[in-house]
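Notes follow once the structure below has been shown.
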Amino acid sequence: MESKALLLHCCCGPCSTSSIERLRTLGYEPVLFFGNSNIYPEEEARRRFGELEKVGCHFSLRVIRSEYDHNSWRKEIEGHEHDPERGSRCDICFAYNLREAANEARKQGIPYFTTTLTVSPHKNSPLIFSIGETWDEFVPIDFKKNGGFQRSIELARLLDLYRQDYCGCEFSMRSSGEHQKADRHDRHAAEHSVDG
C-alpha cells in the first residue's frame, strides 16, 4: 500500500518523534513543517528547528521552515497578552499555527495536514481538533494516546534532543516554573505507566 503524503506541523523535535512513528503506522508519509512564529526569542525558534532537522535526518524526512514573523503573531494575539496559560491566547495561537500549516500544505500540493501539538498532556486535543475542522484537509489524531507522550520522551533521549521547558511564547515563559513542576510530574507518570 502506498503511503499518503501529509504535512506535519511540528512544534518541536521531541514531539515530532512519536508522531512520525504513529503516522507511518496509519499509512502516511509526513513532510515536517516548522512555522511557529509564536516561539520567543528567535534564537529559541532556531534551536528548536535545529532539533527538528535532526529528527528529519533520523527518519529520512523532508523538513520545511516558513519565515519567522513574531510581529505577525503578536498582532494576532493582541489584547490577550495577560491571558493565563491554556486560555484564549493559546486557542488563537493554535489557530494561527494550523492556518500556516494548511497554507503550506496547499502551497506544497500535499493533500493532508495535522499537528504534533496533541502529543503534549498540556494541550487540549478536542479543542485543537475543533480548530482544525476549519480545513477539510485536517486529519485529527491524538498523538498522546497509546503511550505517544511516553514514546516521545524515549525517542528524545535516544536522539539526544533538546527538550524545552516552556511552550514557546514569551508569555508562557513567565509561568515556566509552574510548568516545569507539571512536566516533571508528567514525565514521572509516563515513565511509570504501562500504556496511555
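It is to be established whether one or more residues within segment 35-57 are surrounded by fewer than 15 Cβ atoms within 10 Å (Cβ to Cβ), of a type in the set (A, V, I, L, M, F, W, C), at pLDDT 95 or above and in a helix (DSSP H, G or I).
Within segment 35-57, one or more residues are surrounded by fewer than 15 Cβ atoms within 10 Å (Cβ to Cβ), of a type in the set (A, V, I, L, M, F, W, C), at pLDDT 95 or above and in a helix (DSSP H, G or I).
Out of Glu104, Glu81, Glu53, Glu29, which single residue is of a type in the set (Asp, Glu), touching a strand residue (DSSP E or B) at 6+ places or on another chain (Cβ under 7 Å) and under 22 Å from Leu127 (Cα atoms)? Talk me through it step by step, then tell me what you get.
Values: Glu81 fails: touching a strand residue (DSSP E or B) at 6+ places or on another chain (Cβ under 7 Å); Glu53 fails: under 22 Å from Leu127 (Cα atoms); Glu29 fails: under 22 Å from Leu127 (Cα atoms).
Being of a type in the set (Asp, Glu), touching a strand residue (DSSP E or B) at 6+ places or on another chain (Cβ under 7 Å) and under 22 Å from Leu127 (Cα atoms) holds for just one of Glu104, Glu81, Glu53, Glu29, which is Glu104.
If a residue has to be more than 15 Å from the chain's Cα centre (by Cα) and not polar (S, T, N, Q) to count, how many in segment 133-144 make the cut?
To start, the set of residues in segment 133-144 that are more than 15 Å from the chain's Cα centre (by Cα) comprises 133-137.
Then keep just the ones that are not polar (S, T, N, Q); that gives 133, 135-137.
Summing the residues that are more than 15 Å from the chain's Cα centre (by Cα) and not polar (S, T, N, Q) in segment 133-144 gives 4.
Restricting to segment 68-80, name every residue that is over 17 Å from the mean Cα position of the chain (by Cα) and assigned to a loop (DSSP other than H, G, I, E, B).
Asp69, Ile77, Glu78, Gly79, His80, listed by residue number.
Would you mention how many residues in segment 161-188 are under 13 Å from Arg48 (Cα atoms) and either modelled with pLDDT under 50 or surrounded by fewer than 17 Cβ atoms within 10 Å (Cβ to Cβ) (or both)?
Result for segment 161-188: 3.
Can you tell me which of Glu85, Glu104 is buried (at least 17 other Cβ atoms within 10 Å of the Cβ) and not in a helix (DSSP H, G or I)?
Just one listed residue meets the conditions, Glu85.
Quick one: what pairs do we get from segment 66-90, first residue closer than 14 Å to Met173 by Cβ, second in a loop (DSSP other than H, G, I, E, B), C-beta under 6 Å, 6+ apart or different chains?
Taking only residues 6 or more apart or on different chains, the pairs are His70/Ser37; Glu85/Ser175; Arg89/Ile77; Arg89/His80; Arg89/Asp83.
How many of the residues making up segment 1-22 are in a loop (DSSP other than H, G, I, E, B), of a type outside the set (A, V, I, L, M) and out of contact with any Asp or Glu (no Cβ under 6 Å at 6 or more places or on another chain)?
Total satisfying the criteria: 4.
The values are calculated or read from the model by the stated rules, or taken from the named source; none is laboratory data. Values in this document were obtained by computation on a predicted structure and should not be read as measured data. All Cβ positions, glycine included, derive from the backbone under ideal geometry; neighbour counts span all protein chains shown.
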